[in-house]
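All remarks here apply to the structure that follows.
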Amino acid sequence: MAQAIVNDEVEVGARVAGGLAPVLRKGMNEWLFLIPALVFFIGYQVWPIIRVLWMSFTNFQLLSDKPTQWVGFDNYVQALHDPLMWASLGRAALFTLMFLPGTIILPLLLAILVDRVGNQRLATVYRVILLIPAVIPSTLIFVLWKWMYNYQSGPINHLLVNTFGLFTVQNAPQWLGGTSLTLPAIAIMEVWWGLGYHTIFFIAGLAAISKDLPDAARIDGASEWQVFWHITRPQLAPIMMILVVLRFGSAMAVIDEYLIFGGFNRASPTYTWTIFMYDQAFKTGLWRQGYGASIGMIGAVAMMFVMAGLIWIFRPKG
Amino acid sequence: MTLEADHAEINALREEPGSSIGTSALRHVVINFFNLIILLPLAWVLIMSVKSLPDAMRGNFWPRRFDFTHYGFVFQHIATLPVNLFNSIYVTTATVLITTACAVLAGYALVHIKPLGSGLVVTALLISLYFPVRVVSIISIYETQHWLGLINNTSGLILPYITLQLAISILIMRSMFQLVPHEMFESARIDGAGHWRALWEIGLPMVRNGLVVIFIVNFVAAWGEYLLCLTLVDDEAKRTMPVVLAAAQGGQGQWAWPNLAAVYVIVVTPGIIAFTLAQRLFFKGLMEGALKG
């Protein structure tokens, strides 16, 4: 202990003697490689969050000339008393419920099938096809499905009306534009989009599992379902946890899709907390960004709580 | 049953578990059913882009008459199209290059230099993956860009675009560099090479597959970005291609369906071709460590 203090003093003495510069320079040299990344990360990820947190306690309006005032929790109180806040959170949760099961279960099933394809060349072809939607940028996915769902000339309604005759031109389903079908329509699109990518995720997980155990179980007469439930599923649990948590996060915070498919009608099921925030911050009055910031923070914190809960539920047991 | 027979049976099961030809065929049918669902919408756009106008109105999948002139038409008659396309290429290229450089340097530093505070950096990066940063930060990013005089400025988009996938890119590079033994860099540096040369000559070739992954991840993010471009850029001529496409009301005039589809195919194809060519490296990269990140 005493020795350590002496050592410290010697070191401090040496530092003072040699000046602070060499120490600083050593530190700078070590950090040099991290600096470019950190400049962007802090400037456009860390700082904005801190700044938005600060804004949420003020009456900040971007286009207003009046000085910004600190208003404490006023924005939060107002938001939490606004039925629209709760409705918008509920809508985001509803969408998540529509989207999450399909985007986990279908890829899992598909991964188990593709994993057993013995022919290497065919397996490669399958993997490439599966990943094609994942390399199509988000907005282009939305544009594509905006046409698919088009009321008059979209191929989906064409199939339903002309090919199957389930509907007529008058009562064909109105998928987009904030009808009750809009959220399921977006959920279907999102499942389609993530199908291949998540399948690849699970295939990578399956590749890491030894094939001996399932094989031995089959020889002992276990059914495919038993093999899946007792051997494959527990081993895939960590991957499943990551996917569930990440997809929950992305589903709750969807915004581009709602902007493109829904608009700013407050009664629309696509008017979720993200749109509520955007509406207040960039559309309403003199851009009420203080209030918008508090809405964003409420949504984000609510999400984080559920995510922490999910991580706890899926925690490794035993 | 002899030991060899046992082995033969296990091997047979390993080839096509579930054994019989019937279940194997069923498996391929199910997989291809999903493949079809994935490919059909894309095939629909591709065919739409070469349909004659009357066929486009009719809505049948297969046209009676093909018309390949839409591709030329959109470049001649949609005034902002070449500009928008150029904006997309410019912003995306800059974003991919800068993000990759940042991620490689940071990934190397976090594994092989380990300055004080590295742990904190990794924790912050991980948290940023779970927090809805992209949505919430838009309010403040507008203010920052306003302050920098970068509102309605195409180049200004590059700054926030770099951070779209920066955290995940750094984490991917970090797990790639963890696969490279420390000693390789140590010995290079004993031989007199600095961190720069050690990274450039020894590190980069070893993390090649990871580079392919972050190239693609960042390309996809920047090429298709919507929210920031919509919010920060007002002029149609200064916007990127996807934002203009998303706003286009299909069916009328210059945006008749086949024209729209032609633009769509032009915008989507480069990414798909690049991915198909690089897919072997991409999958290797994924398996090597990207998925762990």
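The values are calculated or read from the model by the stated rules, or taken from the named source; none is laboratory data. Keep in mind that this is a model prediction, so the values were computed, not measured. Cβ atoms come from the backbone with ideal geometry, glycine included; neighbour counts cover every protein chain shown.
A few remarks follow.
- The residue pairs whose first member lies in the stretch A:231-259 and is within 9 Å of chain B (Cβ to nearest Cβ), whose second member is in a loop (DSSP other than H, G, I, E, B) and of a type outside the set (Lys, Arg), and whose beta carbons are closer than 6 Å, counting only pairs six or more residues apart or on different chains, are A:Ala253/B:Pro132; A:Asp256/B:Tyr226.
- Condition check for A:Phe57: touching a strand residue (DSSP E or B) at 6+ places or on another chain (Cβ under 7 Å) and among the aromatic types (Phe, Trp, Tyr): yes
- Note on the stretch A:175-201: among residues that are among the hydroxyl-bearing types (Ser, Thr, Tyr) and buried (at least 21 other Cβ atoms within 10 Å of the Cβ), the one that is farthest from the other protein chains (Cβ to nearest Cβ) is A:Thr182.
- Restricting B:Val122, B:Val136 to residues that are at negative phi and in contact (Cβ under 8 Å) with a residue 24 or more places away in the chain narrows the list to B:Val122.
- Enumeration of residues in the stretch B:198-218 that are buried (at least 22 other Cβ atoms within 10 Å of the Cβ) and in a helix (DSSP H, G or I): B:Leu199, B:Gly203, B:Gly210, B:Val212, B:Val213, B:Ile214, B:Ile216, B:Val217, B:Asn218
- Picking from residues in the stretch A:218-236 that are farther than 25 Å from A:Ala123 by Cα and among the hydrophobic types (A, V, I, L, M, F, W, C), the one that is modelled with the highest pLDDT is A:Ile219.
- Just one of the listed residues (B:Leu245, B:Leu204, B:Leu281, B:Leu228) is under 21 Å from the mean Cα position of the chain (by Cα), more than 8 Å from chain A (Cβ to nearest Cβ) and either without any contact (Cβ under 8 Å) to a residue 60 or more places away in the chain or within 21 Å of B:Ala109 (Cβ to Cβ) (or both), namely B:Leu204.
- Given (1) within 16 Å of A:Val191 (Cβ to Cβ); (2) at the interface with another protein chain (Cβ under 7 Å from one of its Cβ atoms), index of the condition A:Val128 fails: (1)
- Selection from the stretch A:298-318 of residues that are in a helix (DSSP H, G or I), in contact (Cβ under 8 Å) with a residue 12 or more places away in the chain, of a type outside the set (Val, Ile, Thr) and more than 7 Å from every other protein chain (Cβ to nearest Cβ): A:Gly299, A:Ala302, A:Leu310
- Scanning the stretch A:59-99 for residues that are within 20 Å of B:Val133 (Cα to Cα) and β-branched (Val, Ile, Thr) yields a total of 1.
- Screening B:Pro258, B:Pro270 for residues that are closer than 23 Å to B:Leu53 by Cα, more than 9 Å from every other protein chain (Cβ to nearest Cβ) and touching a helix residue (DSSP H, G or I) at 6+ places or on another chain (Cβ under 9 Å) leaves exactly one candidate, B:Pro258.
- Total residues in the stretch B:130-166, condition farther than 19 Å from A:Val254 by Cβ and aromatic (Phe, Trp, Tyr): 3
- Selected residue (criterion: surrounded by the most Cβ atoms within 10 Å (Cβ to Cβ)) from residues of the stretch A:132-157 that are of a type in the set (Phe, Trp, Tyr) and modelled with pLDDT of 85 or more: A:Trp145
- Any hit, the stretch B:91-107, residues being more than 7 Å from chain A (Cβ to nearest Cβ), crowded, with 17+ Cβ neighbours inside 10 Å, hydroxyl-bearing (Ser, Thr, Tyr) and in contact with a Pro (Cβ under 8 Å, 6 or more places away or on another chain): no
- Among residues of the stretch A:132-166 being over 23 Å from the mean Cα position of the chain (by Cα) and aliphatic (A, V, I, L, M), the one that is farthest from the other protein chains (Cβ to nearest Cβ) is A:Leu166.
- Of all residues in the stretch B:167-182, those that are in contact (Cβ under 8 Å) with a residue 24 or more places away in the chain and charged (D, E, K, R) have Cβ atoms under 7 Å from Cβ atoms of residues that are in a helix (DSSP H, G or I) and buried (at least 17 other Cβ atoms within 10 Å of the Cβ), 6 or more apart or on another chain, in B:Arg174/B:Gly107; B:Arg174/B:Leu110; B:Arg174/B:Val111.
- Residues satisfying the stated conditions in the stretch B:118-171, i.e. surrounded by fewer than 21 Cβ atoms within 10 Å (Cβ to Cβ), more than 9 Å from chain A (Cβ to nearest Cβ) and in contact with a Lys or Arg (Cβ under 8 Å, 6 or more places away or on another chain): B:Val122, B:Asn152, B:Asn153
- Extreme residue, farthest from A:Leu144 (Cα to Cα), among residues of the stretch B:27-51 that are more than 9 Å from chain A (Cβ to nearest Cβ) and assigned to a helix (DSSP H, G or I): B:Val29
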